[in-house]
Every structure is written in C-alpha cells, then in structure tokens.
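Quick notes on the structure that follows.
The values are calculated or read from the model by the stated rules, or taken from the named source; none is laboratory data. It should be emphasised that the depicted structure is a prediction, and the values quoted were computed from it without experimental measurement. With ideal geometry, Cβ positions are generated from the backbone for all residues, glycine too; neighbour counts draw on all protein chains shown.
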Amino acid sequence: MRVVIAEDQVLLREGLARLFLDAGEEVLARVGDAESLLTAVEDEKPDLAVVDVRMPPTWTDEGARAARAIREQDASVGVLVLSQHVEGRHAVDLVRQGGFGYLLKDRVLGVDDFLDAARRVARGGSALDPEVVGALVGSAEQTDSLAELTPREREVLALMAEGLTNTGIAGRLWLTERTVESHVRSVMMKLGLPASDHDHRRVLAVLAYLHSKDAG
C-alpha cells in the first residue's frame with residue numbers, strides 16, 4: 001500500500017509514517033497542509049491519503065475539502081480522514097463514493113485495527129467510527145422508516161455503515177450469523193432497500209438513504 005499523510009502536528013504525522021513503515025507499507029509523502037496534500041497526491045498517485053480535517057491556514061475543514069477534491073480528481077485514491085471532530089457536511093457524500101474512511105483520533109485504540117481500516121479503504125471499502133455513523137444516523141433519526149427499527153436493528157444498521165460484514169457484526173454483538181442475517185433483512189425491508197451480500201454496497205445504500213432523508 002502506497003500512502004500519503006497530511007497532518008499539521010509533526011509528532012503525529014511522523015508517528016503515522018512510522019506505523020505504516022513498520023507494517024511494511026510505503027510512505028510516499030508527509031505534508032502539513034491541504035495544498036501540499038493535493039500536490040503530493042497528484043504527483044505520487046498513492047493508494048491511500050490519510051488526512052486530518054483541520055489544517056492550515058484556517059484550521060476549519062481544509063482537510064475535508066481536500067478529501068473531496070482528491071476523490072473528484074481520482075476516484076482510485078482511497079481517503080482516510082483521521083480527526084478529533086465529526087465534520088458531517090462532507091462525510092455522507094464521500095462515503096457514498098466508496099474508498100473512504102473517517103476515524104476519530106482519540107478512539108483509535110489498536111494499531112492492527114487502524115491498519116485494517118486503512119487497507120480496507122485503500123481497496124475501495126469503507127471504515128467509519130461508530131460516533132461518525134451515529135451522527136449521520138442521528139441526522140435522520142426522526143424519519144418514519146428509521147423510527148420503525150428496533151434498538152438491535154439500529155445497532156446492526158450502525159455496524160453495517162461502519163463497513164462490517166455479517167460475520168463482523170455477529171462477532172461485535174455476540175450474535176449468531178443467522179440472527180444477524182435476519183436483522184439485516186429486516187432493516188433493509190423497513191428502509192425499503194434491496195438486501196445485498198456485498199458489505200460496501202450495503203454501506204452505500206444505507207448512507208444514500210440517510211443522505212436523501214437529510215437533504216429532504
């Protein structure tokens with residue numbers, strides 16, 4: 001995996017680089033602002049860009065806007081946003097395209113989990129922190145269809161949006177795969193969406209639904 005890292009904090013930037021290098025991945029560039037990120041992605045053609053949301057010069061949403069620009073210019077480049085904040089304005093559109101992840105810095109507890117998420121995004125999949133998923137789901141929380149979901153079905157929906165397979169959901173919730181399959185069918189039926197065995201298509205379907213409700 002070929003990686004570009006954009007993070008204004010030097011220690012974190014170098015720490016991320018060392019993490020990838022120690023895992024046998026290739027770090028092509030390490031930059032501290034959005035403009036340099038866009039240049040590095042254009043020049044290096046990485047598999048993955050790891051991006052902080054708030055970077056110079058305004059420390060608002062430069063990274064999120066850069067992430068959108070990257071995906072618009074080259075959809076083959078995966079983008080993993082690593083931030084202390086949930087910036088939902090851009091997140092839904094980016095997730096709908098695939099090859100996108102959004103993790104919160106203070107909730108990344110394991111190196112292996114982080115690397116698994118990075119590799120999944122680089123391959124065109126999704127990786128979303130549960131708090132990010134919760135913010136997106138919460139934005140449509142009052143819709144009739146979502147109101148019909150049981151608490152367990154909401155848990156399954158959130159884990160689907162994180163990018164987990166039925167096997168992964170079963171492990172997280174300590175359920176059998178057959179039980180999870182039943183919940184997934186029920187969720188899809190209540191949301192009016194066709195079920196799919198492909199985990200990323202399920203993410204896109206769920207978040208496309210939420211986006212359409214939020215926009216309406």
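Among the listed residues Val86, Val41, which satisfies the condition of being among the β-branched types (Val, Ile, Thr) and either surrounded by fewer than 19 Cβ atoms within 10 Å (Cβ to Cβ) or in the same structural domain as Ala161 (by TED's automatic domain parsing) (or both)?
Values: Val41 fails: either surrounded by fewer than 19 Cβ atoms within 10 Å (Cβ to Cβ) or in the same structural domain as Ala161 (by TED's automatic domain parsing) (or both).
Being among the β-branched types (Val, Ile, Thr) and either surrounded by fewer than 19 Cβ atoms within 10 Å (Cβ to Cβ) or in the same structural domain as Ala161 (by TED's automatic domain parsing) (or both) holds for just one of Val86, Val41, which is Val86.
Can you name every residue in region 107-141 that is of a type in the set (Asp, Glu) and at pLDDT below 85?
Scanning region 107-141 gives Asp129, Glu131, Glu141.
Among the candidates Thr39, Thr58, single out the residue that is of a type in the set (Val, Ile, Thr), free of Cβ contacts under 8 Å to residues at least 24 places away in the same chain and closer than 15 Å to Val4 by Cα.
Numbers: Thr58 fails: closer than 15 Å to Val4 by Cα.
Selected residue: Thr39, the only one of Thr39, Thr58 that is of a type in the set (Val, Ile, Thr), free of Cβ contacts under 8 Å to residues at least 24 places away in the same chain and closer than 15 Å to Val4 by Cα.
How many residues are in contact with an Asp or Glu (Cβ under 8 Å, 6 or more places away or on another chain) and among the charged types (D, E, K, R) if we restrict to region 43-73?
Total satisfying the criteria: 6.
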